[in-house]
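Report on the following structure.
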Amino acid sequence: MEIKHLNFSYKNKEIFADLNTKFTDDQLNVIIGSNGAGKTTLLNIIYGFTKASSDLAMTNFPSMPNIIYKFQNMTFFAELTVKQVINFFKSMNDHAITITDSQTRFYNEIIKELLNTKLRLLSGGEYQAVMVYCTSIMDRELYLFDEPLSEVDSYIENLLLELIVSLVVEKKKKVIMTLHQLNKLNSLPAHIVFVGNKKCIFQGDFSQMLHAADIDDIEIAFKKMRQAISC
């Protein structure tokens, strides 16, 4: 999957200027960048929710019906129970799907005890967990997750990442997500796309990013590379 010549402005503010990047099919793709760098906007453009300039070239992306997008602030009917929401998502598949071991573990450890709880009674982290799980049980070619770890505690964070990675490793799906918890990158088999200064300023894996910044701390590497592009 590749993007070429992405230009985009919003309310007279230029967000992207000839951004070019690639995403891998066989690894988790993680978009990082400072607040306001355009991470969510990039997902919106990939999904087709936001239209970019006419010279944009996007190749090897699935069509919209074959993409599922978990928005950061995904809202649903507040009076439904978690079980009802899960059944709704399942009903949108036209065939039975295989559930990964990580999905099963996540269901048993996090979701199961929430089944009879209405959405409006869930905490922010619980709600996030339910929506990510529901997105994962849809059968699509490409999954987009915008900040799926937002508001969840460290234990759920790790289970959520295992679940998301299992879509790539076990189900051979394409996955792109945004992330601000840089400390998680060390343990992820991920292709990193770093957006900043309206462009893609780095793409590669964790060790390559540290090497490019000539530092062994991911937080410092992030700041160093971000400061270099803002000069």
Full extension between ASP139 and LYS83 adds, at 0.36 nm per residue less the Cα distance, a length in nm of 18.3 nm
Note to self, the chain gives a 222 nm [θ] from helices alone (DSSP H runs n ≥ 4, -39500 (n - 2.57) apiece, / all residues, nearest 500) of -9500 deg cm²/dmol
Here the gain from full extension of GLN72 to ARG120, 0.36 nm per residue of separation minus their alpha-carbon distance, amounts to 15.6 nm
Expected sort for 20-26, 125-131 on mean C-beta neighbours within 10 Å, highest first, is 125-131, 20-26
With +1 on the Cβ of every Lys and Arg and -1 on the Cβ of every Asp and Glu, the dipole magnitude of region 1-83 about its Cα centre, in debye rounded to the nearest 20, is 240
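How long is the gain from GLN227 to ASN158 if the chain were fully straight, where each residue apart is worth 0.36 nm and the alpha carbon distance is subtracted? Write down the numbers at each step before the final one.
Working: separation 69, 0.36 × 69 = 24.84 nm, distance 2.96 nm.
Taking 0.36 nm per residue and subtracting the Cα distance, the gain is 21.9 nm.
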About its Cα centre, the chain carries a charge dipole, from +1 on Lys and Arg Cβ atoms and -1 on Asp and Glu Cβ atoms, whose size in debye to the nearest 20 is 620
Each label sits 7 Å from Cα toward the beta-carbon; between ARG105 and ASN35 the label points are separated, in nm, by 3.3
If unit charges are put on Cβ atoms (+1 for Lys and Arg, -1 for Asp and Glu) and the dipole of region 70-221 is taken about its Cα centre, the option from ILE97, ALA190, PHE145 lying farthest towards the positive end turns out to be ILE97
Set LYS22/LYS112; LYS39/LYS184; LYS22/LYS184; LYS199/LYS223, cut-off 28 Å on Cα-Cα distance; pairs above it are LYS22/LYS112
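Based on the Cα gyration tensor of the chain, what are the three equivalent ellipsoid semi-axes, each the root of five times an eigenvalue, rounded to whole Å and given largest first?
Its equivalent ellipsoid spans semi-axes of 30, 20, 17 Å.
Values in this text are rule-based calculations from the coordinates and carry no lab data. Computed from a predicted model, the values in this text were never measured in an experiment. Cβ coordinates were reconstructed from backbone atoms using ideal geometry, including for glycine residues, and neighbour counts include every protein chain displayed.
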